[in-house]
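Novice: My questions will all concern the structure given below.
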Amino acid sequence: MSVRATVRALPTLMKVGFAEAVAYRAEMLVWILATTMPVIMMALWTAVAREAPVGRFGEPQFVTYFLVTFIVRQMTGAYAAWEINYEVRQGTLALRLLRPIHPLWHYALNNLAAMPLRLLIAVPVALLLLGVMGRHAVTTDPFLWLLFAVSLFGGWLITYLINALLGVLSFFMESSLKAVNVYFALYMVMSGYLIPVELFPRWLRTASDWLPFRYQIGYPVELATGVYGHGAALEMLARQAGFVALFWAATAVFWRQGLKRFAAYGG
Amino acid sequence: MIAVRDLRKHYQVHKRPPGLLAAVRSVFHRTYQTVKAVDGITFDIGAGERVGFLGPNGAGKTTTLKVLSGLLHPTSGEVNVDGHTPRRREDAFLKKITLVMGQKQQLLWDLPPAETFEMNRAIYGISRADFVATVKQLTELLELGDLVNKPARQLSLGERMKCELAAALIHRPRVLFLDEPTIGLDVSMQAVIRNFIKAYNEKNGATLMLTSHYMDDVAALCPRVIVIDKGQLSYDGDLDTLVERIRPEKRLVLHLEKPVDAAALSTLGKVVSHDAVRAVLQVPKDAVAATVSRALALGVRDLTVENAPLEEVMSELFSRSRAEREEQAKRAVGT
């Protein structure tokens, strides 16, 4: 399917994807509860900061950081690895391959279709943040907000492409779910989701600059909380774009090679 | 429309015996076996033909259909479907074909089939007017009614299969690959699906390739059959000739006026089944007329002359090719 045709099909695919995302109301509620980890981390770290600040983080900074983290995680979430894994092993990927739309586009649109639902949760949290902490808790620089918007998309792209790559590995590994678990553990720690990257020991912080995880969550959060000047912010954005390109290329190569091994089991 | 030349599809399959020790051993050392799912088949199918693709379980039927629809890359050989090489999966090719797998579903599980139809409309780039006309036609032919507005998971198997067929045909494909489309359905639903497939073929001139273990499907839909076994072609031709070749005898089905003992019937021909006033006899084709006139003397209320059931014909064909293969293997060991 050409890019133009995909764009034309986009509204319908998003609409159907959204209908799927909200099909189970109870599951939706559980999912909302499952995304509250930053709130727990906020409680934990503010308790620590009550004794004495940790680096530049006092109680208000921790509250701001984890509320923004919550929003960023909502806006960059993707879960294609599980879907692809399941469909490769069960052979149901065959049904996607029969349609004139690239399956990786289709998974991406399915993931994006859940975004309005995610906004339903993210927007009240953003309003709460502004209400409780005041507008100066976050950056007031419009240029950084512009970069923040771009970085959210970049963060989502990296998250989705890593998911797709891990899913595609199931062509070669029979199941790549263990690899997904390893990725997820690294992602939780290294992205700044549980601990701000600024609080990492120096060597780990340097390492995180050259790993993709920080660009999924930490970098957008740091942009919104005003950590960077324009130059540093653009440099980080370039690195984020580099990771997008890297994972895009890797996913495309592994997909092409993997498809030759697809056995379309069952049926 | 479809041309297949010396098609082969071989898989490497990991083999290990059962048990804990074998499981641990397989972590360090794996043995693989080559399975020849399709092993050098050649055939052509013309536009608008309806062809039954038959064979026992594991014969290579589904693998062949998956190669033809571009899902699997062949190990070797050439495949052409309406001017396309399927493994390239070009959009123009995908818009011309459909593959319906009776054991897999494309319907969105949690949503009504109407949503899947709408999604396919967007993906295949169908205009709204064409889409409305096609859905109307499919709804009438398949008697879908309000089914399309119920979540797919709440539909019965038969209802779901009707909707699956509709979803697979929204883009009006010219080539239909149907893999066990009536599996698990009751007799009346099988008939509905069969009638629909035939009507679609006649109305749209679509080419149809069907696999099914229900011989009624094949008999009703396919004037031509291709039989494969262990990945190799064992018959390609019209169904009647196949029956003639494998079971040249005819079946006389007698409904008698009063019970007749088996000894009296056995003088007419081989008794296939007999219960009080109904008997089925097998007689040579050229003896049918004579046997019928002798049977009438027994007091017959109704009489029909039939071919042997297709199930029996196929079972005979498969056992013959198995025996031939064993014979060949013995000869190979002997040399």
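The values are calculated or read from the model by the stated rules, or taken from the named source; none is laboratory data. If you're wondering where the values come from, they're calculated on a predicted model, not measured in any experiment. Don't worry about glycine lacking a Cβ; one is built from the backbone with ideal geometry, like all the others, and counts go over all protein chains shown.
Novice: Restricted to region A:49-88, and to residues that are part of a helix (DSSP H, G or I) and among the aromatic types (Phe, Trp, Tyr), which residue is farthest from the other protein chains (Cβ to nearest Cβ)?
Specialist: If we take residues in region A:49-88 being part of a helix (DSSP H, G or I) and among the aromatic types (Phe, Trp, Tyr), then A:PHE62 is farthest from the other protein chains (Cβ to nearest Cβ).
Novice: Next question. Between residues in region A:166-177 that are part of a loop (DSSP other than H, G, I, E, B) and residues that are polar (S, T, N, Q), which pairs lie under 6 Å by C-beta distance while being six or more apart or on different chains?
Specialist: A:LEU169/A:SER176; A:SER176/A:ASN85; A:SER176/A:SER170
Novice: Among (1) in contact with a helix residue (DSSP H, G or I) (Cβ under 7 Å, 6 or more places away or on another chain); (2) in a loop (DSSP other than H, G, I, E, B); (3) within 12 Å of B:MET101 (Cβ to Cβ), which single condition is B:ILE183 missing?
Specialist: It fails just one condition, (1).
Novice: Among the residues of region B:127-139, is there at least one that is modelled with pLDDT of 90 or more, assigned by TED's automatic domain parsing to the domain that holds B:LYS36 and not in a helix (DSSP H, G or I)?
Specialist: yes
Novice: Give region B:114-144 a look and list any residue that's more than 9 Å from chain A (Cβ to nearest Cβ) and hydroxyl-bearing (Ser, Thr, Tyr), or say none.
Specialist: Once the filter is applied, which keeps residues that are more than 9 Å from chain A (Cβ to nearest Cβ) and hydroxyl-bearing (Ser, Thr, Tyr), region B:114-144 yields B:SER127, B:THR134, B:THR139.
Novice: Any residue in region B:174-201 that is assigned by TED's automatic domain parsing to the domain that holds B:LEU71 sitting within a Cβ distance under 9 Å of a residue that is in a helix (DSSP H, G or I) and of a type in the set (Phe, Trp, Tyr)? List the pairs, counting only those 6 or more apart or interchain.
Specialist: Filtered contacts from region B:174-201: B:LEU176/B:TYR200.
Novice: Select from region B:166-181 the residues that are closer than 16 Å to B:LEU108 by Cα and within 14 Å of chain A (Cβ to nearest Cβ) and list them in ascending order.
Specialist: Across region B:166-181, the qualifying residues are B:ALA167, B:ALA168, B:LEU169, B:ILE170.
Novice: Restricting to region B:144-154, count the residues that are under 25 Å from the mean Cα position of the chain (by Cα) and more than 16 Å from B:PHE117 (Cα to Cα).
Specialist: 0
Novice: Still on this model: Among the helices (runs of 4 or more DSSP H) lying completely within region B:254-335, list those that include at least 3 residues that are loosely packed, with under 14 Cβ neighbours inside 10 Å, hydrophobic (A, V, I, L, M, F, W, C) and modelled with pLDDT under 80.
Specialist: Fully inside region B:254-335 and qualifying: B:310-334.
Novice: Just to verify a result, which residue in region B:1-53, among those that are of a type in the set (Lys, Arg) and at pLDDT below 80, is farthest from B:SER69 (Cα to Cα)?
Specialist: B:ARG25
Novice: Ok, one more. Kindly indicate whether A:PHE243 is in contact with a Phe, Trp or Tyr (Cβ under 6 Å, 6 or more places away or on another chain), assigned to a helix (DSSP H, G or I) and either hydrophobic (A, V, I, L, M, F, W, C) or surrounded by fewer than 18 Cβ atoms within 10 Å (Cβ to Cβ) (or both). If you could, list the steps in order and put the result at the bottom.
Specialist: Details: in contact with a Phe, Trp or Tyr (Cβ under 6 Å, 6 or more places away or on another chain): yes; assigned to a helix (DSSP H, G or I): yes; either hydrophobic (A, V, I, L, M, F, W, C) or surrounded by fewer than 18 Cβ atoms within 10 Å (Cβ to Cβ) (or both): yes.
Spelling it out, A:PHE243 is indeed in contact with a Phe, Trp or Tyr (Cβ under 6 Å, 6 or more places away or on another chain), assigned to a helix (DSSP H, G or I) and either hydrophobic (A, V, I, L, M, F, W, C) or surrounded by fewer than 18 Cβ atoms within 10 Å (Cβ to Cβ) (or both).
Novice: Taking the options A:THR6, A:THR12, A:THR46, name whichever one is in a helix (DSSP H, G or I) and over 25 Å from B:PRO112 (Cα atoms).
Specialist: Details: A:THR6 fails: over 25 Å from B:PRO112 (Cα atoms); A:THR12 fails: over 25 Å from B:PRO112 (Cα atoms).
Of A:THR6, A:THR12, A:THR46, the one residue that is in a helix (DSSP H, G or I) and over 25 Å from B:PRO112 (Cα atoms) is A:THR46.
Novice: Could you tell me whether region A:113-131 includes any residue that is surrounded by 16 or more Cβ atoms within 10 Å (Cβ to Cβ), touching a Lys or Arg at 6+ places or on another chain (Cβ under 9 Å) and under 21 Å from A:SER176 (Cα atoms)?
Specialist: no
Novice: Name the residue, out of B:GLY60, B:GLY70, B:GLY145, that is among the small types (Gly, Ala, Ser) and surrounded by fewer than 17 Cβ atoms within 10 Å (Cβ to Cβ).
Specialist: Within the list B:GLY60, B:GLY70, B:GLY145, the selection yields B:GLY145.
Novice: Oh, and also: With the requirement that a residue be more than 8 Å from chain A (Cβ to nearest Cβ), over 26 Å from the mean Cα position of the chain (by Cα) and buried (at least 17 other Cβ atoms within 10 Å of the Cβ), what does region B:78-113 give you?
Specialist: Passing the criteria: only B:PRO112.
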